[in-house]
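Asker: A single structure is presented below for examination.
The values are calculated or read from the model by the stated rules, or taken from the named source; none is laboratory data. Small disclaimer: the values here were computed from a predicted structure and weren't measured. In this analysis, Cβ positions are derived from the backbone assuming ideal geometry, glycine residues included, and neighbour counts consider all displayed protein chains. SASA here: full protein model, heavy atoms, side chains in, ligands and nucleic acids out. Shrake-Rupley method; radii C 1.70, N 1.55, O 1.52, S 1.80 Å.
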Amino acid sequence: MADTLNDAQRARLDEYVSTLYVEEDEALRWIQDEAARQQFPAISVRPFEGRLLQFLVSLSGARQVVEIGTLAGYSGVWLARALPNDGKLYTLEKSSKHAALARQSFQRAGVGERVELLEGSAQDSLAKLSKRGPFDLVFIDADKGSYPAYLEWAAGNLRAGGLVAAHNAFRSGQVLDPQGDDDRIMDEFNRALAGHPHFDGMILAIGDGMAVGVKRA
Ligand SMILES: C[S@@+](CC[C@H](N)C(=O)[O-])C[C@H]1O[C@@H](n2cnc3c(N)ncnc32)[C@H](O)[C@@H]1O
């Protein structure tokens, strides 16, 4: 049987996987509704990508997670809910408007105690966070131009066996035929992870592509 799926089949299979594994509760729906009401850009992970992040936390037994790019806190809630009670999510956001809604989101979702939001540029926050490492998982979902630098930060601050995950590895297919700087940088990032001496990498072809690397011992 051919294993090539057309768009309609892919969409139906996304729906199928979501039916099996994804349940959005009132808090998650509230975050998306409130973000839309406040005219945030619709650039959060999709529900089944949130579920994938949760799965990566469980898979790696993560206790200390860093998220670069909070927006309204949607992916952060998925991540934080997978952590043990004494786990911690550090989530980094430069926009004070986004940070304000995200703080409400974390409280509403019941994970406020487990989340520390660092407001300001990720570059500054990462420099400060280094002394609290090593970390178990780093999720990259912010300015594409800094993805290569975020990967190097992850290489230096993850424990052996820890995971780096990066959203939008496919750039809606544009990595195949880069049109703009962000497409080119994403392609560069994917190549850097694939050949990285400190990571065993792969791209999970879910949603817009999740690049994942396991830090080598
Ligand atoms: C794609 S959104 C994050 C979506 C979020 N992870 C989710 O799925 O719900 C990217 C966020 O990164 C923030 N951002 C972009 N560049 C940044 C930087 N240099 N430092 C900190 N935050 C940054 C943006 O303000 C935006 O809120």
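Asker: Mind listing whichever residues of the stretch 88-111 are away from the ligand (no atom under 13 Å from the Cβ) and either touching a Lys or Arg at 6+ places or on another chain (Cβ under 7 Å) or within 23 Å of D136 (Cβ to Cβ) (or both)?
Answerer: Within the stretch 88-111, K88, G110, V111 meet the criteria.
Here's the yes/no breakdown for (1) modelled with pLDDT under 95; (2) crowded, with 19+ Cβ neighbours inside 10 Å:
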site: A127; (1), (2): no, no
site: F139; (1), (2): no, yes
site: A166; (1), (2): no, yes
site: Q179; (1), (2): yes, no
site: N190; (1), (2): no, yes
site: A194; (1), (2): no, no
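Asker: Quickly run through the stretch 52-87 and pick out the residues that are of a type in the set (D, E) and within 12 Å of the ligand (Cβ to nearest atom).
Answerer: Scanning the stretch 52-87 gives a single hit, E67.
Asker: Given the conditions (1) over 14 Å from the mean Cα position of the chain (by Cα); (2) under 20 Å from R171 (Cα atoms), and given that Q39 satisfies all but one, which numbered condition is not satisfied?
Answerer: Failed condition: (2).
Asker: State all residues of the stretch 35-51 that are of a type in the set (D, E) and either open to solvent by 70 Å² or more (accessible area, probe 1.4 Å) or away from the ligand (no atom under 12 Å from the Cβ) (or both); if no residue qualifies, say none.
Answerer: Scanning the stretch 35-51 gives no hits.
Asker: Which residue out of G161, G201, G213 is under 19 Å from S60 (Cα atoms) and in contact with a Ser or Thr (Cβ under 8 Å, 6 or more places away or on another chain)?
Answerer: G161
Asker: Could I ask something else about it? Does the stretch 196-213 hold any residues that are of a type in the set (A, V, I, L, M), open to solvent by 40 Å² or more (accessible area, probe 1.4 Å), free of Cβ contacts under 8 Å to residues at least 60 places away in the same chain and not in a loop (DSSP other than H, G, I, E, B), and which are they?
Answerer: Those that are of a type in the set (A, V, I, L, M), open to solvent by 40 Å² or more (accessible area, probe 1.4 Å), free of Cβ contacts under 8 Å to residues at least 60 places away in the same chain and not in a loop (DSSP other than H, G, I, E, B): M202, I203.
Asker: Determine whether E23 is touching an Asp or Glu at 6+ places or on another chain (Cβ under 7 Å), under 22 Å from A165 (Cα atoms) and not β-branched (V, I, T).
Answerer: no
Asker: From the list K88, K94, which residue is over 25 Å from A160 (Cβ atoms) and either open to solvent by 10 Å² or more (accessible area, probe 1.4 Å) or modelled with pLDDT of 95 or more (or both)?
Answerer: Among K88, K94, only K94 is over 25 Å from A160 (Cβ atoms) and either open to solvent by 10 Å² or more (accessible area, probe 1.4 Å) or modelled with pLDDT of 95 or more (or both).
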